[in-house]
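Chemist: Quick one: the structure is below, questions incoming.
Each reported figure results from applying straightforward, stated rules to the coordinates on display, with no laboratory input. Values in this document were obtained by computation on a predicted structure and should not be read as measured data. Glycine also receives a Cβ, built like all others from the backbone with ideal geometry; neighbour counts cover every protein chain displayed.
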Amino acid sequence: MARNSEKAMTTLARWRAAQAGTKERERRPFLATDCEDLHKAEKWRRQIIGEVSRKVAQIQNAGLGEFRLRDLNDEINKLLREKGHWEDRIKELGGPDYRKIGPRMLDHEGKEVPGNKGYKYFGAAKELPGVKELFEQEPLSAPRKTRAELMKDIDADYYGYRDEDDGVLVPLEQKQEKLAVEAKVAEWKSKKEAILRGESSKAEDGEEEDIYFVNEESDDEEKALPKKVEEKPQHFIAHVPVPSQKEIEEALVHRKKMELLQQYASESLQAEASEAKTLLGL
């Protein structure tokens, strides 16, 4: 039996010691933003994809138990989120956009619960108690509002009755109104000054209308108009024979009889009745 000193001198022991002393395994950064090297970021992304692939293969075994399946499913979702962070970091460092060009095989294997965006269930985790029922339920549709609920939001503000209560609109309107009045007054003064200087006549600018002027001729014309003659009630003559009420009732009764005969009497019976009427001269 070899001594411990002899075991330590074997080739395998010396190779392991050399590997342990020369190279230490580099750990993946906790945050993707701490990595400044594009090649290392792609390396960590590939490492995460390998871990996800192994865990997805493990979760297919339903004999692991409910608690182990739930833990594996949580770990897979955590790794997928971390993979997304590394893909964003790769894009920031000038690398390719893996969200657009990368394969989505891992995402297709997972099934997402309606209403729970982002979290997926893989393998045997989809058959766990409480999870299977979630997939069977249909997503709830948005409740439709009734007319009464819609009318609750309609008030004076909806029609714009309180637009001036904020104290902003009224000062702006007053300012614009003042500017418009000043512009009209300045225009009127310039026209008056031009008329006084003789540069323009009243005919060109238009004479001002006297609002107190009364046209007596129009009053005389109204008095001179003859009064309208009272219209007499007009009588209308019908040029088409109009049936009386009795004739209308007889026509309706005859029509009803014919409808009943067509509904309940056979064709042979109707033919016999018509022959009998012709023989009797009815």
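Chemist: Between Trp15 and Ser53, what's the calculated FRET efficiency when r is the beta-carbon distance and R0 is 25 Å? Round to 0.05.
Modeler: Working: r = 30 Å, r/R0 = 1.19.
Plugging the Cβ-Cβ distance into 1/(1 + (r/R0)^6) gives 0.25.
Chemist: Set the Förster radius R0 to 25 Å, insert the Cβ-Cβ distance between Lys184 and Asp163 as r into 1/(1 + (r/R0)^6), and round the FRET efficiency to 0.05.
Modeler: 0.45
Chemist: Under a crude label model (7 Å from the Cα following the beta-carbon direction), how far is Glu92 from His254 in nanometres?
Modeler: 9.8 nm
Chemist: Ok, one more. Which of Lys40/Lys100; Lys43/Lys120; Lys43/Lys132; Lys55/Lys132 have a Cα-Cα distance over 31 Å?
Modeler: Flagged as over cut-off: Lys43/Lys132.
Chemist: Between Val170 and Ile195, with labels modelled 7 Å along Cα→Cβ, what's the label distance in nm to one decimal, could you check?
Modeler: For the pair Val170/Ile195, the computed spacing is 3.8 nm.
Chemist: Ok, one more. Residue by residue through the stretch 173-179, which ³J(HN,Hα) values in whole Hz follow from phi under the Karplus form 6.51 cos²θ - 1.76 cosθ + 1.60 (θ = phi - 60°), with glycine and proline marked x?
Modeler: Working through the residues one at a time gives 5, 4, 5, 5, 5, 5, 5 Hz.
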